[in-house]
Amino acid sequence: MAHDGIIYLDHAATSWPKPPEVLDAMARALGPAGGNPHRSAHRLALEAARLVLEARSTVAAFLGVRDPRDLLFVPGCTFGLNMVLKGLLAPGDRVVVSSVEHNAVARPLAALAASGVEVVQMPVDEAGRVDLDAAEELVAEAPTRAVVCQHASNVTGAIQPVADLADIAHEHGAVLVADGAQAAGHLKVDLAELGADAYVASGHKGLLGPQGIGVVYLSPGLEVRELVQGGSGGDSGALSMPVVRPDRYEAGTPPVPAIAGLAAGVAVLGREADELFEQEQRIARRLLEGLAAIPGMRVLGPVLGEERAPVVSVVHEEVEPDRLAYELDSRYGVAVRAGLHCAPAAHAAMGTAETGAVRFSVGRGVTEADVDAAVEAVREVCLA
């Protein structure tokens, strides 16, 4: 539903408004649980430590992580992807990656390529989905350390065959790294079944938490070099980080309010997930159908009836994306995002690298009336 006069269709950027439970949990983390966890032994610090412990278990259970110690809290999805990729790959390694990745993957890999990592791209089809036959040929072509792929695209909504890619990777002695920024909280993610060796997710998008928090899952047998060293609250006499998880990868004071907010958002999802996922899919289909019916409109990614994340990006043959987004916001109170969406590779694959697109993304609280009003607003702007 509209909030404060805004029809918010920018959930792929960040979820809004946050559930009240998230705000309450963050306030508690700044009050009665406001100590520094795993450092001091007074009641405020112990309460903070308990909060972090329970939050880790809550998020791990929601994502299908069997051992909560394999779930790490990080400052965000981008940080987590950097940590995994730079901690896993070394000069001389080979990595096979989809050709439609977000810059959170593409830029770290470009930096690694400059230091001697071989980066090979997998092609995609017209909807932006990875070609599995081509992927298997590329992985089998030479010794490969990792296969890297998004779970769902923030531009096209295309859902990638992560489980199949994991099978391909494992068959050839590689590991599978997945970017789950647009999947976690919008699609059912069961990491016990998916097969990914590393899975990184944003806390502030589909998981309904605040900005400044993300999670990394590392499978029990996967070790990566830590990206940051520092205090961990234990083993303070050593100059090296502790070897145990999660301490090895969580140097410094943890962002307890953000962790608390994330856990509260995930708890809300745990109560609503099945109904919410179905609702988002239904509303996204309605949005896609309405936008596709506007003369001169092109919808990127999977066509109506094909599986997609609740993201719909469009380009109109006469109205530039920036102008359309501006008109929707200023005249109709519809919040969307125009441009390249930090994913120029995806736009290049879709043929929209020069123009970008306007992205509409659905999340918790969006109603059929919201998308109907948004579609009518787009119609008025484009056909004026």
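Tabulated data for the structure shown
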{"read-out": "Any chance Ala60 is more than 24 Å from Ala146 (Cα to Cα) and surrounded by 18 or more Cβ atoms within 10 Å (Cβ to Cβ)", "value": "no"}
{"read-out": "Tally, over the range 11-50, of residues that are of a type in the set (Ser, Thr, Tyr) and either in contact (Cβ under 8 Å) with a residue 40 or more places away in the chain or touching a Cys at 6+ places or on another chain (Cβ under 7 Å) (or both)", "value": "2"}
{"read-out": "Single residue of the range 213-225 satisfying the filter (buried (at least 17 other Cβ atoms within 10 Å of the Cβ) and out of contact with any Asp or Glu (no Cβ under 8 Å at 6 or more places or on another chain)) that is nearest to Met26 (Cα to Cα)", "value": "Ile213"}
{"read-out": "Test set (1) surrounded by fewer than 23 Cβ atoms within 10 Å (Cβ to Cβ); (2) more than 20 Å from Glu137 (Cα to Cα) - Val120 fails condition number", "value": "(2)"}
{"read-out": "Condition check for Gly270: in a helix (DSSP H, G or I), in contact with a Pro (Cβ under 6 Å, 6 or more places away or on another chain) and within 22 Å of Leu207 (Cα to Cα)", "value": "no"}
{"read-out": "Sole exception among (1) over 30 Å from Leu194 (Cβ atoms); (2) free of Cβ contacts under 8 Å to residues at least 24 places away in the same chain; (3) of a type in the set (A, V, I, L, M) for Leu53, by number", "value": "(1)"}
{"read-out": "Residues of the range 6-47 classified as touching a Ser or Thr at 6+ places or on another chain (Cβ under 9 Å) and over 30 Å from Tyr332 (Cβ atoms), total", "value": "5"}
{"read-out": "Unique match (being under 17 Å from the mean Cα position of the chain (by Cα) and either in a helix (DSSP H, G or I) or among the β-branched types (Val, Ile, Thr) (or both)) among Leu51, Leu81", "value": "Leu81"}
{"read-out": "Qualifying residue in the range 171-185 (condition: outside any loop (DSSP other than H, G, I, E, B) and either among the charged types (D, E, K, R) or without any contact (Cβ under 8 Å) to a residue 12 or more places away in the chain (or both))", "value": "yes"}
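Yes/no per residue for (1) more than 30 Å from Ala273 (Cβ to Cβ); (2) surrounded by 14 or more Cβ atoms within 10 Å (Cβ to Cβ); (3) assigned by TED's automatic domain parsing to the domain that holds Pro220:
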{"residue": "Ala111", "(1), (2), (3)": "yes, no, yes"}
{"residue": "Arg129", "(1), (2), (3)": "no, yes, yes"}
{"residue": "Ala158", "(1), (2), (3)": "no, yes, yes"}
{"residue": "His172", "(1), (2), (3)": "yes, yes, yes"}
{"residue": "Glu193", "(1), (2), (3)": "no, no, yes"}
{"residue": "Tyr199", "(1), (2), (3)": "no, yes, yes"}
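For every residue, the table says whether it meets (1) part of a loop (DSSP other than H, G, I, E, B); (2) out of contact with any helix residue (DSSP H, G or I) (no Cβ under 6 Å at 6 or more places or on another chain); (3) farther than 16 Å from Glu289 by Cα; (4) at pLDDT 95 or above.
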| position | (1), (2), (3), (4) |
| --- | --- |
| Ala338 | no, no, yes, yes |
| His341 | yes, yes, yes, yes |
| Ala348 | no, yes, yes, yes |
| Ala353 | yes, no, yes, yes |
| Arg359 | no, yes, no, yes |
| Gly363 | yes, yes, yes, yes |
| Val371 | no, no, no, yes |
| Ala377 | no, no, no, yes |
| Ala384 | yes, yes, yes, no |
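The values are calculated or read from the model by the stated rules, or taken from the named source; none is laboratory data. Being a predicted model, the structure only gives us computed values, none of them experimental. Note that each Cβ is placed from the backbone with ideal geometry, even for glycine, and that neighbours are counted across all protein chains shown.
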